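Asker: Please find one structure pasted underneath; my questions will follow.
Readers should treat all values here as calculations from the given coordinates under stated rules, not as data from a laboratory. Treat the numbers as computed from the prediction; the structure is a model and nothing was measured. Here Cβ is always computed from backbone atoms with ideal geometry, including for glycine, and neighbour counts include all displayed protein chains.
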């Protein structure tokens, strides 16, 4: 039994705004009285299921997002640097395999969620900071190594991530997100008095804090709270 | 000559998020060292010109926005109550005439902008709080009366708002917004060191404050700052 409010974070490493949201909620994990649950899911499935279109397809929106991400990166203190060809990365390469790998790591992890947190962060870093591949087994392996997984854990996760069980698990999480009303990521679900309250994007934290009875202290409450 | 930073607010009374943004920036007008310029424009022209689609057309997004607006309304202390049929109001009736009326009021006003501010607010109140018409001359007349315009000023504005001069003026503002990169409203343009910095939506004020060297104190800094 716990009196902490459960907050679920649905995300996909394809989404830079999800990275911002992820880092902020990770920093607030200890500041606020919340029980944070990572919910890796597949954004492609969300867009398809909700009949939504990626915002970057509107040219003015794409230019704005590039600028907005640059400003937010500094303000949020998250080292975002868009890849040379974001369209290639987001729409051609995609992150289905990457999110299956994250799901496998989460599935294997016991007694905590440090691994799924760190592996997610390292995959974001590859795509949205270092312009490196995040589709191949060797890329997942590198990310997982940086995240602190042992060689045998990495080997196991790489095998597991192509299994039907993991494919189904990711699909299930994506479907759950849709049931909550998702149309994009990041999506935060706060369970307040047994009712799910949805917040979309990385710009609703102040409002969310107000809803869960906590205080918003800006995107980086205590610079030592997060090591990026 | 003034050392105040110029902030332009592009808006249309069809947009509830523009109302939130409008009230917040009006409240900060005296808190921050800014020279606020109201830029009434036509959102329909922006969506068309930018090739964007209204967010409410995606069902999950529409449900979320309804909820998000309800929460934000309370938190921002702006009395938003969606009309019974938002689609009718936004897409069938539209606000071309209303924005021409606002443009006429702004065109006529000398030595200030209290009238354009109040008329805009009263039109938002009609559409987004009281579910009243905002397409007919008598509706504009009522709104303007509440906003404090005299009968002769209202008569003049009603005549003026169908003139070619005013139609062109609204069109010109809309085109200017597109040149700044607009794809929706509210759009705030902060002129910083001679360079325009664009902020979209009513959820970037904290970031904007950071960019213009001011402090964000939440959406309602001093409850007496705004009379709604």
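Asker: Given the options B:57, B:188, B:36, which has the most mean-square fluctuation in a GNM of chain B, springs set between C-alpha atoms less than 10 angstrom apart?
Answerer: Greatest mean-square fluctuation among the candidates belongs to B:57.
Asker: Please compute, for peptide B:212-220, the average count of beta-carbon atoms on other protein chains lying within 10 Å of each residue's beta-carbon.
Answerer: Mean partner shielding for this stretch: 1.
Asker: If I build a Gaussian network model for chain A, linking alpha-carbon pairs within less than 10 angstrom, which residue out of A:40, A:55, A:137 has the largest mean-square fluctuation?
Answerer: In the Gaussian network model the winner is A:55.
Asker: Is the shape of segment B:5-225 best called rounded, prolate or oblate, per the rule: a/c under 1.5 gives rounded, else a/b larger than b/c gives prolate, else oblate, with a ≥ b ≥ c the square roots of the Cα gyration tensor eigenvalues?
Answerer: rounded
Asker: Let me ask something additional. Decide, for segment B:43-116, between rounded, prolate and oblate: order the square roots of the alpha carbon gyration tensor eigenvalues as a ≥ b ≥ c, take rounded if a/c falls under 1.5, and otherwise choose prolate if a/b is larger than b/c, else oblate. Write out the running numbers ahead of the final one.
Answerer: Values: a/c = 2.34, a/b = 1.42, b/c = 1.65.
Cα axes put segment B:43-116 in the oblate bin.
Asker: Which order do the peptides A:123-134, A:14-25 take when ranked by the mean count of other beta-carbon atoms within 10 Å per residue, highest first?
Answerer: Sorting A:123-134, A:14-25 by mean packing, highest first, produces A:14-25, A:123-134.
Asker: Need one value for A:57-67: mean number of C-beta atoms belonging to other chains within 10 Å of its residues' C-beta atoms.
Answerer: Numbers: counts 2, 7, 5, 13, 8, 2, 3, 9, 2, 0, 4.
Taking all residues of A:57-67 together, the mean is 5.
Asker: Which of A:140, A:42, A:91 moves the most in a Gaussian network model of chain A with Cα springs under 10 Å?
Answerer: A:91
Asker: A follow-up question, please. What percent antiparallel are the DSSP beta bridges of the protein assembly as shown, to the nearest 5?
Answerer: Values: 20 of 34 bridges.
For the protein assembly as shown, the DSSP antiparallel bridge percentage is about 60.
Asker: Antiparallel as a % of all DSSP beta bridges within segment A:5-225, to the nearest 5?
Answerer: Among the beta bridges of segment A:5-225, antiparallel pairing accounts for roughly 60 percent.
Asker: Moving on to the next point. Taking 0.36 nm per residue of sequence separation and subtracting the Cα-Cα distance, how much length would be gained by fully extending the chain between residue A:171 and residue A:92, in nm to one decimal?
Answerer: Working: separation 79, 0.36 × 79 = 28.44 nm, distance 1.98 nm.
26.5 nm is the gain from fully extending residue A:171 to residue A:92.
Asker: Something else: Which whole-number percent is the relative contact order of chain A (Cα, under 8 Å, 6+ apart)?
Answerer: On the way: 320 pairs, mean separation 71.8, N = 228.
Once divided by the residue count of chain A, the mean separation gives 32 percent.
Asker: Sort largest first and round to whole Å: the equivalent ellipsoid semi-axes of the protein assembly as shown, each the square root of five times a Cα gyration tensor eigenvalue.
Answerer: Numbers: eigenvalues 385, 89, 87 Å².
Semi-axes, largest first: 44, 21, 21 Å.
Asker: So, one more: Run through the other copies and list how far each one's label point is from that of residue B:168, in nm with one decimal, shortest first; the point sits 7 Å from Cα along Cα-Cβ.
Answerer: Nearest first, the other copies' label points are 6.9 nm away.
Asker: Next question, about the same structure. Compare the peptides A:141-150, A:98-107 by average per-residue count of other Cβ atoms within 10 angstrom and give them in order, highest first.
Answerer: Packing proxy ranking, top to bottom: A:98-107, A:141-150.
Asker: Once the label point is set 7 Å along the Cα-to-beta-carbon vector, what list of distances in nm do you get between residue A:35 and its counterparts in the other copies?
Answerer: When each copy's label point is compared with this one, the spacings are 5.6 nm.
Asker: Where along chain A is the Cβ that lies nearest the axis linking it to chain B, and how many Å separate them?
Answerer: Spelled out, residue of A and its Cβ distance from the axis onto B: A:203, 2.
Asker: When the Cα centres of segment A:18-40 and segment B:152-228 are compared, how far apart do they sit, in Å?
Answerer: Result: 33 Å between the Cα centres.
Asker: Note the distances from residue B:87 to each other copy's matching label point, with points 7 Å along the Cα-to-beta-carbon direction, in nm, sorted shortest first.
Answerer: Nearest first, the other copies' label points are 3.2 nm away.
Asker: Subtract the Cα-Cα distance of residue A:163 and residue A:85 from 0.36 nm times their separation in residues, and report this length gain in nm to one decimal.
Answerer: Gain on stretching residue A:163 to residue A:85: 25.0 nm.
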